[in-house]
Amino acid sequence: MDQWLIPGLFVVALVVNLRAAWRLLIDWKGMATTVRFVRHVYARRGELPSEEALERTADSPVFLHLVAAYQEPEIASTLRGLLSSRYPQEKLHVVVITKEEENRNPHPAMETSTAELIRRFRAELPPYDQKRLWHLTMPGEGRKAHQLNCALRREVLSEMLGEAFDPGRVFVGVSDADSVPDENVYRWIAGEELGGRGSLAYQGVTLSLANYDRLRIRERISAIQQSSIFVRVSIARLLNEVKRVRVIDAICRRLPRLRPLLTFCFRRAQICLGHNQFVRLDVLSALGGFPTDGATEDSTLGYDLCMRGILIRPLPMLELTDLPETKEKIIRQNARWYKGALDDTRHLWRAWRAAPNAFNLAQLLRHVANKVVEWPIAAFVYPVMGYLGWHYAYHYRGSHPLLFFVAVAAPSASLFLSIWVGGIVTQIMIQRLVPFCPKPLDLARKTLWEKFVGTFRCQTYWLLATRASWRVLWTLWRTGRYEPGKTDRVVRSVPLGRSWFN
């Protein structure tokens, strides 16, 4: 038995460790690519079209910016940021959608309901801003997607945009209720559209750093790591997917029979993040609005756009959002995302059954492997495989010295890169984006203890994400149902305690 078990475990451990090291290198490259992209565009902000020119140009896009709000005590800050954007007043409409449920049962820690806060804020605005800010109340129950779709009803659109509006010129933007947007985001999209470089959908860079100064050390580490996901995965994938498609098309012009194989092996699903994203209204209408059959409408929307051959354009403008300010709230947020991943499995399965092609099959298999399966077990599998790689390498020290050195080097490289890329490079790359953020930030690690913990406990966020996935799985196994709750932003974090992590 051992003659098969030991070589089998050794091979599995070696492959897992090599894959982990390779993915860390890809993460490094992804962060560098995104940071370079952002810095290049921000250096050319002076070339963006002026507000006066956009106002004179009849073909300038119209923006309908949606904000779904529920129990949001600081909603006025986000609305103030959106309304102060540099774009012609008559071509920007900001719509905030609240829930009737909150009016009936307001949060006990809030002074008043979100709807009342919006009415007070709107009453203080000058008349021209009052015309741009719309407030809708969604009746009944529903998640964020239902709130957003409430603003896409034909009668509502006609009232806001006029009866003769052209859906091909209207972009639907989405921000969270804690977003801090860039004032030039609309001008950048308009410049691309008018310059012939337009797209049907855009996804911008988002960083979970808006409340960084209020966070403790553990939460600051998590804020950097969560921001890095958006930088090294989401935007980097959008940048690289265009190149992948071009290469595949070039090969298939000569060898068309290879398209299914190349599509299956190399095409990747695109990622929508649910905020700082823009989709043209006619495309969104063709999709039936924002998907409502899962816990996370953004990831499902990304899959739907990709299945229809729509490449999402990366948007270099930065938007800041809050990170949940306690460990429990971070777990709750990740639990909702993992539940969304489980829901997307059904969505992808139905898509594959409806259109059994290479692309849909690849997205289904990758989604199940990388999100549904790997998410809950990664925190256990990679350390165990690292240990097994070192342990079983010594069985080949005398007979196969080259294999021994490779087997020892693989987990060593994986461990080194996890600390170097996760704890050091990630911090450096995110700090390079600070000069372009829409509000001042100071991400420097100021004490030796903070530097030590930030470097060697950089996996803290991933451990919390793992706990979140197991919470969902345990609840589903025990009760058959998991209802993702809202990440509460009403009660701010408690004063810093004397924990070693503080």
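List of remarks:
- Whole-angstrom gap from the stretch 221-284 to the stretch 124-171, using each part's C-alpha centre: 30
- Nonlocal amide H pairs with residue 95, under 5 Å, H built at 1.01 Å: 65, 66, 67, 134
- Extreme residue, positive dipole direction of the stretch 23-363, given options 69, 98, 261 (C-beta unit charges): 261
- Sorting 93, 65, 107 by the number of Cβ atoms found within 10 Å of their own Cβ, with the fewest placed first, yields 107, 93, 65.
- Computing FRET efficiency as 1/(1 + (r/R0)^6) for residue 261 and residue 154, where r is the C-beta to C-beta distance and R0 is 41 Å, gives about 0.40.
- Local net charge near residue 352, Cβ-Cβ under 13 Å (Lys/Arg +1, Asp/Glu -1): +3
- Taking a straight line from the alpha carbon of residue 327, these lysines sit under 17 Å away, with near neighbours fewer than eight places off in the same chain left out: 486.
- Ascending count of other beta-carbon atoms within 10 Å, so fewest first, for 188, 28: 28, 188
- A dipole drawn for the chain from +1 and -1 charges on Cβ atoms has a positive end, and of 115, 423, 167 the residue lying farthest that way is 423.
- Taking 253, 366 and counting other C-beta atoms within 10 Å, the order from fewest to most: 253, 366
- Theoretical gain in end-to-end length, residue 456 to residue 74 [0.36 nm per residue, Cα-Cα removed]: 134.1 nm
- Once backbone amide H atoms are built at 1.01 Å from N, residue 170 has 62, 281, 282 as its partners under 5 Å, excluding neighbours fewer than 5 places away on the same chain.
- Legend: P(r) of the stretch 211-272 from all alpha carbon pair distances, 10 Å bins from 0, whole percents, reading 20, 31, 22, 14, 10, 3.
- Here the stretch 173-199 is scanned for amide nitrogen atoms under 13 Å from the site 7 Å beyond the Cα of residue 282 along Cα-to-Cβ, giving 199.
- In nm, spacing of pseudo-spin labels at residue 105 and residue 439 (7 Å Cα→C-beta vector): 3.0
- Quotient of Cα Rg and 2.2 N^0.38 Å for the chain, N being how many residues it contains: 1.03
- Computed label-point distance, nm, for sites residue 353 and residue 23 using a 7 Å Cα→Cβ extension: 2.9
- Based on DSSP H segments of at least four residues, each scored -39500 (n - 2.57), the chain has a per-residue ellipticity at 222 nm of -17000 deg cm²/dmol.
- Orientation-averaged projection of the stretch 247-353 equals 9.0 nm² [convex hull of Cα atoms, one quarter of hull surface area].
- Percent of beta bridges antiparallel (DSSP, the chain, rounded to nearest 5): 25
Since every read-out is calculated from the coordinates, none of them should be taken as a lab result. Please read these numbers as outputs of a predicted model, since none were measured by experiment. Cβ atoms come from the backbone with ideal geometry, glycine included; neighbour counts cover every protein chain shown.
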